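Chemist: Dropping a structure here in structure tokens format, bear with me for questions.
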Amino acid sequence: MTSPTEPKSTKKRAGRKRLPPLAPGPALQFVVASHPDDFKADDTMRNIRSHVMYKHRGEQRGISPLRGSRSTERRRATFTRTPSPMTTASDGYLEDSNYLAPPRRRSTIWDGQFIQFMSQSSQLGPARDLAARIISATTAEPPRSAPPTFDQGSEFPFLGSNILGQQSLEDLKNLHFQSGEFCQDRAWMGIVCRTRMSFLSHVSATCVYQDVAEGLLDDSALTVYAKTKILRMIKDSLQNFNTQTDDFTILSILHLLISEIGGFDEDAFDIHQGALFRIIQQRGGISNLGNNGDIATFLTLVVLSFTILRNQAEPDILHGYLPNPRHSSMSGQLLLVSPLYAPNGDLSVIFSSCSSATYDILCDMYRLTHAFLARWNYVGDNYPSSSTPDPTSYDSHMQQIYTRLLLRPSTDDELTTDWTYESVRLASLIYCRSIVQGDPLSDSANVMHARPSGGDLAGTTIICALHNALEHTDKRGLWGNMCGVFLWICLVGGAASWASTHPIYSERDERQTTAAWVRKCFALFAVKASLSHGFEYAGAVVEAQRRMLQVLNFIGLERGIISSMFLTIEEAEAGIAS
């Protein structure tokens, strides 16, 4: 028996190495796994032990881990956001982060729950049923000696054949091509579906569109499951030196960003987008991406949409890049006519597709756009020619257009409302007010909407009225021959509905929920419209997008000049008073 006075043994367990302590995390943490064995992983267990000890020590000191200032809570919240799927090491190579959390949502689903979902997927409609079968196929281990089918090698081997049938992955690809949620170009979809990861990433983005179609602001359980799986695939791809910067990793991250656009966590979106840009730099720039420029064209269309919606400057990686010219007819390009784009200034191609009042407004908005850009290009010219109109003439012309627009009546009180006219009129009110008065689009969008008879929309904002009007139109074909006008409305509405800050984990009130819903709808439809005609007319779409960026940039410049003028006047008045 050992004496109490003898020193205790200091023998250490073999193979044990002390690691540096982990930084304290948020007060509430979740452990995410797709298999029970993952809970026993060394990193997971270490994080749990660390979290418990920090909480225990806090309680011993009489400090509640949930108590603190709002600024402290905001700082803690940053640790719980979805991390980037990759980071860059000091030597320039990509490294994966410690973990990939699924997209922010209050809950997620596990494989067992997905199996239960699969048994009921056919009852949830053909879109959900097809998505569930594709998710199961792309996440299953393919058999080694036969084409990938659902009858063997499945991740869920005990699913009955009456649920999954005998369809191959190729059959599911063809069905997905036919459903075509966004970017319906079949040749491009053949590229997208070339790998399981890029195929699943496209399906996960399609699930988000289906959620919105069903009126869901937050991701459905199926969408969360798809995103969780694609994040794991992206992480595995980034860990592989041969795939970490390839075209399909880039495609998958782009689809992930599309599925997250309009969400609450803007910081996480920035991290993922920044990671994507670093991958492109590793490839030597956007012009070095593969598939005959298709990857670069897709990236340009999508990232420019994000840039406009989020009121940001065009990223450096896109500067000077133009999509490869494709053989296309002028009639196809004219489908994209809008206030932002019209070859030779001719909008007559859409005259037969809308009312004369709608056409007149669109012509006015086209003239307004070009007068506004010409006015600010004049200001930036050190030596304007003698034939260049005076800036005041531009201002007068734009004010006349705004006055005409304000006098145009609403039709939503008529027996048969022209919702296309209403959508164009309301988008024009936001667009025109910001151009003429120099206010941000978000300020112009949140002006109260005045209606003669009140009704259900009495007291609502213009942006909500615009969203309501657009929802009453037939969006299945994105307005057909007026697709360019539809894109312009969604870009105006999306940029106007973007707040400078978003709540992360706080409870949302009704106003925040409505604003989030409007923002997400406009964002998703703007991306969809930019891709709707494939890449044959990508040059026309990019030209319209960059013109919209110019407009937003000059609105900001105008606002800055007006603010400095008021500041100078206030300083002068203060000097006189003293």
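Chemist: Taking the condition open to solvent by 20 Å² or more (accessible area, probe 1.4 Å) and among the aliphatic types (A, V, I, L, M), does A187 pass?
Modeler: So A187 passes the test.
Chemist: Let me ask you something else. In segment 268-301, how many residues are among the hydroxyl-bearing types (S, T, Y) and either without any contact (Cβ under 8 Å) to a residue 60 or more places away in the chain or open to solvent by 10 Å² or more (accessible area, probe 1.4 Å) (or both)?
Modeler: 1
Chemist: Looking for something modelled with pLDDT under 95, more than 17 Å from T358 (Cα to Cα) and of a type in the set (K, R) - is there at least one such residue anywhere in segment 450-464?
Modeler: So far as segment 450-464 goes, yes, one or more of its residues are modelled with pLDDT under 95, more than 17 Å from T358 (Cα to Cα) and of a type in the set (K, R).
Chemist: Those residues that are open to solvent by 10 Å² or more (accessible area, probe 1.4 Å) and farther than 24 Å from R194 by Cβ, I need them from segment 249-267; list them, please.
Modeler: G263, F264, D265, E266, D267
Chemist: Related question: Enumerate the pairs (first residue in segment 302-327 and open to solvent by 40 Å² or more (accessible area, probe 1.4 Å); second residue anywhere and small (G, A, S)) with beta-carbon separation below 6 Å, excluding pairs fewer than 6 apart on the same chain, so at least 6 apart or on different chains.
Modeler: N311/A495; N324/G293
Chemist: Separate question: Among residues belonging to segment 379-417 that are open to solvent by less than 50 Å² (accessible area, probe 1.4 Å), more than 13 Å from M365 (Cα to Cα) and in contact with a Ser or Thr (Cβ under 8 Å, 6 or more places away or on another chain), point out the one that is modelled with the highest pLDDT.
Modeler: T417
Chemist: While we're looking at this one, here's another question. How many of the residues in segment 207-252 are outside any helix (DSSP H, G or I) and closer than 29 Å to S287 by Cα?
Modeler: Number of matching residues: 7.
Chemist: Looking at N242 and the list (1) open to solvent by less than 40 Å² (accessible area, probe 1.4 Å); (2) more than 25 Å from W498 (Cβ to Cβ); (3) without any contact (Cβ under 8 Å) to a residue 60 or more places away in the chain, which single condition is not satisfied?
Modeler: For N242, the failing item is (1).
Chemist: Now a separate question. Among (1) of a type outside the set (S, T, Y); (2) on the phi > 0 side of the Ramachandran plot; (3) buried (at least 23 other Cβ atoms within 10 Å of the Cβ), there is one condition K227 misses while meeting the rest; what is its number?
Modeler: Every listed condition holds for K227 apart from (2).
The values are calculated or read from the model by the stated rules, or taken from the named source; none is laboratory data. Everything quoted here is computed from the prediction, not taken from an experiment. Every residue, glycine among them, receives a Cβ derived from its backbone with ideal geometry; neighbour counts consider all protein chains shown. Each accessible area value is taken on the protein alone, full model and side chains, heavy atoms only, with ligands, DNA and RNA left out. Shrake-Rupley method; radii C 1.70, N 1.55, O 1.52, S 1.80 Å.
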